[in-house]
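Here the structure comes first, spelled out in structure tokens, and everything after it is commentary.
The values are calculated or read from the model by the stated rules, or taken from the named source; none is laboratory data. Model, not experiment: these values are computed from the prediction. Methodologically, a virtual Cβ is constructed for each residue, glycine included, from the backbone with ideal geometry; neighbour enumeration extends over all protein chains shown. Just the protein is used for accessible areas: all its heavy atoms, side chains included, with ligands, DNA and RNA removed. Shrake-Rupley method; radii C 1.70, N 1.55, O 1.52, S 1.80 Å.
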Amino acid sequence: MGITIQQISKGFGQFSALRDIDLEVPSGELVALLGPSGCGKTTLLRIIAGLESPDKGQVLFDGVDTTHADVRERQVGFVFQHYALFRHMTVFENVAFGLRVRPKETRPSNAEIKKRVHDLLKLVQLDWLADRYPPQLSGGQRQRIALARALAVEPKVLLLDEPFGALDAKVRKDLRRWLRRLHDELHVTSVFVTHDQEEALEVADTIVVMNHGQIEQVGSPQAVYDDPATPFVYEFLGNVNAFETPQGKGFVRPYEIAVSREPALNTIAGALTYVHSVGSLVRLEIKRTDNEQYVDVELGRDVFNQLNFKQGETVYIKPTQLRVF
Amino acid sequence: MHTTQLEQYQGKVAYKRATSEPPWVRWTLIGIALVFLALFLLIPLAAVFAEALRKGWGVYLAAITEADALSAMKLTLIASLVSVPLNLVFGVAAAWAITKFDFRGKSFLITLIDLPFAVSPVIAGLIFVLIFGLQGWFGEWLIDHDYKVVFAVPGIILATIFITFPFVARELIPLMQAQGKEEEEAALVLGASGWKMLWHVTLPNVKWGLIYGVILTNARAMGEFGAVSVVSGHIRGMTNTMPLHVEILYNEYNYAAAFAVASLLTLLALVTLVLKTYVEWRASHDAAIQEKEVTV
Amino acid sequence: MTTRKKHLLPGFGLSLGYTLVYLSLIVLIPLAAVFLRTTELSFSEFWAIVTTPRVLATYRLTFGASLLAAVINLVFGLLTAWVLVRYQFFGKKILDALVDLPFALPTAVAGISLTAIYAPNGWLGQWLEPHGIKVAFTPLGVVVALTFIGLPFVVRTVQPVLEDFSTELEEAAASLGANRWQTFFKVILPAIWPALLTGFSLSFARAVGEYGSVIFIAGNMPMISEITPLMIITKLEQYDYAGATAIAVVMLVISFALLLLINLLQWWSSHRHGGK
């Protein structure tokens, strides 16, 4: 199911959380809402879910206006940041909850519920935890149970609020890959909120970069990374060096800089203050002679080995690509 | 949360550490505390039973099975059976409104709910006499319609409700505040109706706080003296609760009987303390389980 | 008109409406009745009633004994909380549970039991009597009863704060050369001070309104051992509703002021401990 957001605005008291948001989420896609904390991404997600109502604007599900529809009628699956598992219910009962609370006429039989829940638990590979209570689970397990619970009601849209935020780095990586695969399998339209650019880049089909209650850019991970639409997107996604140019502020990624020992046309002189050489990339920290600002440069190990720079020597740098705003 | 093992460990080696007192200070402090608690808690407790049994079991049993004593027990039970559920429903409603929604004047409302704690029991009784008594606002109307509130059972119940008014709400509000709204929101997204959410999600989560509040309400309801004393009129066999019956017997110099009935109330207090301790233990036990994460 | 704010969770109107109606019926309207009844008196009449020598004597006893009892509870309550949190000894768990006895025990029972103990032929009275110390049927008895009633408050407000108190702070103080006394007075006491003060005012407020446990042990002699709540009852028994109401208003005003003070204290302590 596709989601259309039209002219959504939302304020909390004096604070304006969202301003005139327009967004199109195509059916079956996995979309990331990416931005720093306070940018309005969670508010937007909650408005799509119906947990928050906008001050103005519309939310359309497959072209149908659902702005004022009750959460319960929207058929959305929502995975909360801290999972919000019912702590006094077993894992099984948590997943079964959405089915059990249906009115009698539409409620599946106990046998059906049992089968559905076990299928879902198998899907999230946690069938063996059915009788445990949420407090007895690890963070990653809770995350997957929360997802299974959200999927139990066969949502038309799956919404996830910082799904990996509360997990440690290792589990996070595994779950990221797993969510990607799960989405490929189910193809339910999904929107997740994150402040972690790496996460968004790795998992999403489309990234929506937000800042100060507005959308900065919408595009594929490659598009937003390689072709940022605004200075904010440039700085938020990946490391970047800023150069003052006569035309305005120019942005260069660390790997888009050539380094040599010889000065040439338009090169900038600087002192190599630090060499960080671990892994396949070597990071150089260069202090510009003219304005004493630091520039980060990344070189491939083989290139670095060839040139064999020493800490403290004077080098000349030149951006190979420069984007000016 | 400390584990008991750690506490024991700290207890054993404490004197070696920079953050503890030398043994003589420790034992002096423990000694003073024990004397204080013995003087004010243990001796009065023991005295009740000693006085009750001073004239033997025969007198004791006669005192607690006498007709007036039995009717006092019945009235005490009625007062508690009416006021506890009413204040329970109120407590849940108030806690729901206060913790799940934002509105102006919330902290003022919480203060108002606490008011009965600040009012002397005697005044709690007086207010109902002023409204329903002979010279009260509804006094004449009540006489015309042959209703009795003051010096009758309804007055006793009203005074009891007033006195025990805040207990359940007071227990629930901080608990529900701490738990936030996420689980309710999750239930909502999954399609639960309001009542189902309340019944399956909210109430089970605050189960122990709820029971705790009920235990406190019940103990106070059964033991209230001042407020009930003002509204009851002390009519034997009609408007006497157990604490009032104790007073009457005592004032008639029938000490053994007074203490016999008092011993029943004391047992009730002890049962209350045991239940309360059990509930506290269960609640912290559940909380401890929730904090322990099993990583697989 | 502003647009009505839509609430996500259901039941706001119902729960708040029910809360307000029930609160008004049981608490607010009846309490308002007391104040309205006093308006039937002129101010000079009111003043005359609440300042007769006998009534003034009850204020002195009620507030004096309550203050003394609260101070006793401040000192011994802190000590008890400290011992219960910091030390291990046999029977600690039972004593800890028993601290709440004054909450659970009907006040009338506490009253007759304390009277029996401190009467001239009682367990403790018989030892005190030869030394000229009379407890039962004197103002001292009132203090004893009020100490009993207020005992749990200081213990129960200080205990959790002491439990949460980080040993790191004490270790830091010790590492900086402070001895135990200095650590206690300069590090621990300031941290538990708001809780201590809250417990103190709660036990004072409770004592001021107390009736059941006091009337048995006090002896209730006019001008000597009569408490203010008893004065209200005495007036009521003489069908002097106006007099009872006037004294009740004085007590209510003082109680509400205390409640306000306690709320302020709690607000203060939560803001201090919240670190914001």
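Things worth noting here:
- Exercise: per-residue mean of other protein chain Cβ atoms within 10 Å, A:83-93: 4
- The dipole here belongs to the protein assembly as shown: it is taken about the Cα centre, uses +1 on the Cβ of Lys and Arg and -1 on the Cβ of Asp and Glu, and is about 1280 debye.
- Accessible-area rank, largest first, for C:K235, A:K56, A:K115: A:K115, A:K56, C:K235, with all protein chains present and a 1.4 angstrom probe.
- If R0 is taken as 45 Å, the Cβ-Cβ distance between C:E163 and C:N121 corresponds to a FRET efficiency of 0.55.
- Rounded to the nearest 10 square angstrom, C:S269 shows an accessible area of 20 square angstrom against a 1.4 Å probe.
- Between A:N239 and A:D184, the contour length at 0.36 nm per residue exceeds the Cα-Cα span by 16.8 nm.
- Across every direction, the projection of the convex hull enclosing the Cα atoms of chain B has a mean area of 23.9 nm².
- Ordering C:W82, C:G111, C:L264 by Cα displacement along the dipole of segment C:58-274 toward the positive end leaves C:W82 in first place; charges were set at the Cβ atoms of Lys, Arg (+1) and Asp, Glu (-1).
- Considering only A:I207, A:V153, A:I257, the residue lying farthest towards the positive end of the dipole of segment A:134-258 is A:V153, judged by Cα position with unit charges set on Cβ.
- Heavy-atom accessible surface of the protein assembly as shown, averaged per residue, reaches 45 Å², computed with a 1.4 Å probe.
- Within segment B:120-166, chymotrypsin sites (Phe, Trp or Tyr not before Pro) in DSSP loop having at most 15 other beta-carbon neighbours inside 10 Å: B:W137, B:F138, B:Y147
- ³J(HN,Hα), Karplus 6.51/-1.76/1.60, whole Hz, each residue of segment C:51-63, x for Gly, Pro: 10, 5, x, 5, 5, 4, 5, 5, 4, 4, 5, 4, 6
- Virtual spin-label span in nm between C:W267 and C:M221, 7 Å along Cα→Cβ: 4.5 nm
- Whole-number D in µm² s⁻¹ for segment C:58-274, Kirkwood Cα-pair radius fed into Stokes-Einstein, 20 °C, 1.002 mPa s: 113 µm²/s
- Near C:A248, once Lys and Arg are set to +1 and Asp and Glu to -1 for all other residues with Cβ below 11 Å from its Cβ, the sum equals +2.
- When the trypsin sites (Lys or Arg not before Pro) in segment A:274-325 are filtered for DSSP coil states and for at most 15 other beta-carbon atoms within 10 Å of their beta-carbon, the remaining sites are A:K310.
- Sites excluded, chymotrypsin sites (Phe, Trp or Tyr not before Pro) in DSSP loops with at most 12 other C-beta within 10 Å, longest stretch of chain C: C:91-238
- Counted by Cβ distance under 13 Å from C:A69, the other residues give a net charge of 0, where Lys and Arg count +1 and Asp and Glu count -1.
- Among the GluC sites (Glu not before Pro) in segment A:253-295, those placed in a DSSP loop whose Cβ has at most 11 other Cβ atoms within 10 Å are A:E292.
- Evaluated over the Cα positions of chain A, the convex hull gives a direction-averaged projected area, one quarter of its surface, of 20.7 nm².
- Projected label distance in nm at A:K122 and A:E292, using a 7 Å step from Cα toward the beta-carbon: 6.8 nm
- Basic side chains Lys and Arg get +1 at the Cβ, acidic Asp and Glu get -1 at the Cβ, and with that the dipole of chain B about its Cα centre reaches some 660 debye.
- Only lysine pairs 8 or more places apart, or on different chains, with alpha-carbon atoms under 27 angstrom apart are counted in chain A, and they number 24.
- Charged side chains reduced to their Cβ positions (Lys and Arg at +1, Asp and Glu at -1) give chain A a dipole of some 1120 debye around its Cα centre.
- Note on C:31-37: average number of Cβ atoms from other chains within 10 Å of each residue's Cβ is 5.
- Residue-averaged 222 nm ellipticity for the protein assembly as shown, from DSSP H runs of 4+ at -39500 (n - 2.57), nearest 500: -18000 deg cm²/dmol
- For the protein assembly as shown, the Kirkwood hydrodynamic radius from C-alpha pairs, put into Stokes-Einstein at 25 °C and a viscosity of 0.890 mPa s, yields a diffusion coefficient of 75 µm² per second.
- Average beta-carbon neighbours from other chains, 10 Å sphere, peptide C:254-262: 3
- Local electrostatic count at B:Y255 - Lys and Arg +1, Asp and Glu -1, tallied over other residues with Cβ under 13 Å: -1
- When both bridge partners sit in the protein assembly as shown, DSSP labels roughly 75% of those beta bridges antiparallel.
- With the charge dipole of the protein assembly as shown set up from +1 on Lys and Arg Cβ and -1 on Asp and Glu Cβ about the Cα centre, the Cα lying farthest toward the positive end among the listed residues B:L109, A:T289, B:F132 is that of B:F132.
- Rounded to the nearest Hz, the phi-derived 3J(HN,Hα) couplings of segment C:256-269 under the Karplus curve 6.51 cos²θ - 1.76 cosθ + 1.60 (θ = phi - 60°) are 5, 4, 5, 4, 4, 4, 5, 4, 4, 4, 5, 4, 4, 5, where x marks glycine and proline.
- Three-way shape call for segment C:112-158 based on the alpha-carbon gyration tensor, with the a/c threshold at 1.5: prolate
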